[in-house]
1. Just to confirm a number: summing +1 for Lys and Arg and -1 for Asp and Glu over residues other than Leu41 whose beta-carbon lies under 10 angstrom from that of Leu41, what do you get?
2. Just to verify a number: FRET efficiency for Asp246 and Ser151, C-beta to C-beta distance, R0 = 30 Å, to 0.05?
3. Using each residue's phi in region 100-105, evaluate 6.51 cos²θ - 1.76 cosθ + 1.60 at θ = phi - 60° and report the 3J(HN,Hα) Karplus result to the nearest Hz, with x for Gly and Pro.
4. Measure up Lys176/Lys231; Lys132/Lys197; Lys132/Lys227; Lys3/Lys191; Lys149/Lys197; Lys29/Lys175 against 31 Å on the Cα-Cα distance and list the ones that go over.
5. Given the C-alpha centroids of region 16-57 and region 122-174, what is the distance between them in whole angstrom?
6. Using modelled amide H (1.01 Å from N, peptide plane; none on Pro or chain starts), what sits under 5 Å from the amide H of Phe23, excluding residues fewer than 5 places away?
7. For the chain, what is one quarter of the convex hull surface built on the Cα atoms, given in nm²?
8. R0 = 35 Å: FRET efficiency of Lys191 with Ser9, Cβ-based, nearest 0.05?
Amino acid sequence: MYKQKLTESLRRGDLKDYVSDIFTVDRYKSKMGEDQDILVLGFKVKEKYPAIDLMEFIEKGYNFILDADISAGEERDGQYQVFVEIERTPGLTEQLKELVNGISQLCDCYEWKFRYQSTPRYFLFNEDTIKKQIPMTPEGYKSKILEIKNSDVKDFFNQGAVEVTLDESNNLIFKKPFAGDLYAKFVSIGKYKDVEKTLPGAISLDESSQSQVLFLNKYIGNYDIHKIGNKFLIRNGNDAIIIEKDRW
């Protein structure tokens, strides 16, 4: 049974086998400011008291840490998250290396991996992957997020012969051979059960709405489409996207 320790008394190996060797980067929103300005790390810990000790070690041990916190309660798997916020600057590479090196001593773990946002793919943690995968500036973050969204959107619209692009202003541009371009506002994308909850209200069944749904089906492909309010919920298997009409 783990007994909570004072940060000053933590020694090498005290958190061995308690902290997952795979952590997340930018999966969770910042409490301290805008996501483009602040990087958020998430470390998964098996029990509450080791999580508290890790949080306090990080918060008190590094002057570049803006905030360290623990999840309010157990997650679905019974474990806890320790969230760490650091300003996004060109010095981030060295700061991350210093932080993970310190955690390595406590966990007796010297090979770490990380996932960026919610992607299932992970990368070995080293200087090369930090520089390639983790944006160091607000501009780099915006570019990275746009790249990820575009990849998600292209994977989603996999039926028919439509080319889809998302620009920096969250405009979706649909291009189809021998047809005019279609423009829409991107709202969100993700798992259907999660996306659906963000769009409350009844399905619009009036003639105009149904005509727009029919047009979309003919243009983009045979998806499950519903109009709710002024937005369209489009389903493809277990995934969904919400868009808002612009020009079509």
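Where a number appears in this text, it was derived from the coordinates with a stated rule and is not lab data. As the structure is a prediction and not an experimental result, all values here were calculated from the model. Every residue, glycine as well, gets a Cβ built from its backbone with ideal geometry; the counts of neighbours run over all protein chains shown.
1. So the surrounding residues net to -1.
2. Once the sixth-power term is evaluated, E becomes 0.85.
3. Each residue of region 100-105 in turn: 5, 4, x, 5, 4, 4 Hz.
4. Over 31 Å Cα-Cα: Lys132/Lys197; Lys132/Lys227; Lys3/Lys191; Lys29/Lys175.
5. 23
6. Sorted by chain and number, the residues that satisfy this are Lys113, Phe114, Arg115.
7. Reported value for the Cα convex hull: 15.4 nm².
8. Efficiency at R0 = 35 Å is approximately 0.20.
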